[in-house]
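Structure first, commentary second.
The values are calculated or read from the model by the stated rules, or taken from the named source; none is laboratory data. From a predicted model like this one, the values you see are computed outputs, not experimental measurements. Please note: Cβ atoms are built from the backbone with ideal geometry, for glycine as well, and neighbour counts cover all protein chains shown. We work out accessible area using only protein heavy atoms, side chains counted, and drop any ligands, DNA or RNA first. Shrake-Rupley method; radii C 1.70, N 1.55, O 1.52, S 1.80 Å.
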Amino acid sequence: MSLMCNNHKNLMTRVLSVPSAKAPFEQTTIERRELRPHDVLIDIKFSGICHSDIHSAHGEWGGGIFPMVPGHEIAGVVAAVGTEVTKFAVGDRVGIGCFVDSCGECEYCLSGEEQYCTKGVIATYNALDYDGNPTYGGYSQKIVVTEGFVVRIPDGLDLDVASPLLCAGITTYSPLKHWNAGPGKKVAIVGMGGLGHLAIQYAHAMGAEVTVLSRSLNKKSEALSFGADHYFATNDPATFTTLAGRFDLILNTVSANLDVDAYLSLLRVDGTLVNVGAPAESDQYNVFSLIMGRRSIAGSLVGGIRETQEMLDFSAQHGIAPKIEVIRADQVDEAYERVLRSDVRYRFVIDVSTL
Ligand SMILES: [Zn+2]
Ligand SMILES: [Zn+2]
């Protein structure tokens with residue numbers, strides 16, 4: 001036994017892999033790289049399923065690199081560290097989000113916004129690293145990542161609920177912080193899925209007045225339990241007259257095309273509509289919808305590593321957690337179909353011990 005524990009050179013790991021676009025998952029093995037001086041080896045315990053995993057595994061975003069091991073909502077425990085690692089020790093509870101490397105030298109890397117690295121940030125899966133090797137994500141028992149892209153999971157967060165925070169959490173926390181959601185601000189959250197149900201909790205904890213805009217009234221009581229102050233159904237046209245000119249900030253978490261002009265009409269002067277959901281087709285809007293209220297349309301891509309740590313600490317401090325359904329490794333194909341039918345409240349998380 002002790003021989004195996006000390007043998008860090010054996011970096012074979014079981015994974016869930018998609019051999020080609022839209023194919024079902026297969027359980028197979030891959031080899032992770034040997035630890036470099038700054039690398040951390042992580043035993044993955046839970047891996048969240050993000051909607052972008054499905055787009056990628058289906059080859060919808062620029063083809064894709066196959067075989068593919070998706071997963072960028074990773075929570076686990078440090079199993080070994082490289083010789084020069086200082087931030088982490090064996091046994092630490094840690095997470096990996098959407099990125100595993102960046103240049104470390106450009107102005108954005110230096111300011112802690114690695115996601116906008118000018119050399120190109122390296123995605124956790126479906127990417128080539130700076131050596132040209134494909135990256136494989138979190139539907140896996142082990143992963144090796146440089147310590148600068150590893151974050152600490154606070155004791156107050158269980159690993160299963162922590163995993164979706166690594167993408168869904170930071171994707172909503174970062175724009176709410178950037179556009180100053182807080183006391184005295186009226187914030188609308190569009191959509192109440194994996195992203196939206198976290199956005200409500202963050203905006204509420206930051207002190208903003210939170211309104212949920214969802215297609216029907218189905219999720220109203222749950223939205224209020226997450227901290228929403230108001231809830232309106234967007235399938236009721238009266239909603240858009242009632243709420244005209246109301247919001248400082250609208251965070252759109254929906255990936256379908258919206259009637260952008262209708263949503264812009266809900267903003268106050270200087271208000272901003274921020275998109276974190278990305279529709280496949282281009283949105284359309286009338287520029288007068290911006291001009292008449294000095295309004296802005298914006299977008300936001302997850303968040304940097306420092307802010308991801310801040311988000312995890314904030315989540316533990318405020319008792320913020322996603323609502324999850326934990327599944328086995330052999331249920332992932334079925335889970336994908338359920339996500340596409342919006343039949344999940346609100347995030348699937350793979351129990352990696354079932355791999
Ligand atoms: Zn994601
Ligand atoms: Zn950079």
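Before moving on, here are some points about what is shown:
- Within segment 98-112, the set of residues being within 9 Å of ligand 2 (Cβ to nearest atom) and over 30 Å from Ser17 (Cβ atoms) comprises Glu105, Cys106, Glu107, Tyr108, Cys109, Leu110.
- Of the strands (runs of 3 or more DSSP E) contained entirely in segment 1-94, those carrying at least 2 residues that are surrounded by fewer than 16 Cβ atoms within 10 Å (Cβ to Cβ) fall at 26-31.
- Ser17 within 16 Å of ligand 2 (Cβ to nearest atom) and farther than 15 Å from Val150 by Cα: no
- The residue that is surrounded by the most Cβ atoms within 10 Å (Cβ to Cβ), among those in segment 190-201 that are touching a Gly at 6+ places or on another chain (Cβ under 8 Å) and assigned to a helix (DSSP H, G or I), is Leu198.
- Hey, Cys109 on the phi < 0 side of the Ramachandran plot and not in a loop (DSSP other than H, G, I, E, B) or not: yes
- Annotation note: Cβ proximity below 6 Å between a residue of segment 105-116 that is within 15 Å of Ile170 (Cα to Cα) and open to solvent by 20 Å² or more (accessible area, probe 1.4 Å) and a residue that is more than 6 Å from ligand 2 (Cβ to nearest atom) and part of a loop (DSSP other than H, G, I, E, B) (sequence gap 6+ or interchain) occurs for Glu113/Gly304; Glu114/Val121; Glu114/Gly304.
- Here is the figure for segment 112-141: residues that are in contact with a helix residue (DSSP H, G or I) (Cβ under 9 Å, 6 or more places away or on another chain) and of a type outside the set (A, V, I, L, M, F, W, C) total 15.
- The helices (runs of 4 or more DSSP H) located wholly in segment 204-265 that include 3 or more residues which are surrounded by fewer than 15 Cβ atoms within 10 Å (Cβ to Cβ) occupy 238-242.
- Selection status of Leu258, at pLDDT below 95, outside the structural domain of Ile320 (by TED's automatic domain parsing), closer than 23 Å to Ser174 by Cα and of a type in the set (A, V, I, L, M): yes
- Condition check for Thr272 on (1) within 16 Å of ligand 2 (Cβ to nearest atom); (2) in a strand (DSSP E or B); (3) not hydrophobic (A, V, I, L, M, F, W, C): one failure, at (1).
- Filtered residues of segment 59-79 (kept if of a type outside the set (Phe, Trp, Tyr), modelled with pLDDT of 95 or more and farther than 23 Å from Gly169 by Cβ): Ile65, Pro67, Met68, Ala79
- If only residues of segment 117-140 that are of a type in the set (D, E, K, R) and either open to solvent by 40 Å² or more (accessible area, probe 1.4 Å) or part of a strand (DSSP E or B) (or both) are counted, the one that is farthest from ligand 1 (Cβ to nearest atom) is Asp131.
- Selection count where residues are surrounded by fewer than 18 Cβ atoms within 10 Å (Cβ to Cβ) and outside any helix (DSSP H, G or I), scope segment 169-186: 4
- When Ile153, Ile143 are screened for being hydrophobic (A, V, I, L, M, F, W, C), within 17 Å of the chain's Cα centre (by Cα) and open to solvent by less than 20 Å² (accessible area, probe 1.4 Å), only Ile153 passes.
- Restricting Ala168, Ala205, Ala181 to residues that are at pLDDT 95 or above and out of contact with any strand residue (DSSP E or B) (no Cβ under 7 Å at 6 or more places or on another chain) narrows the list to Ala205.
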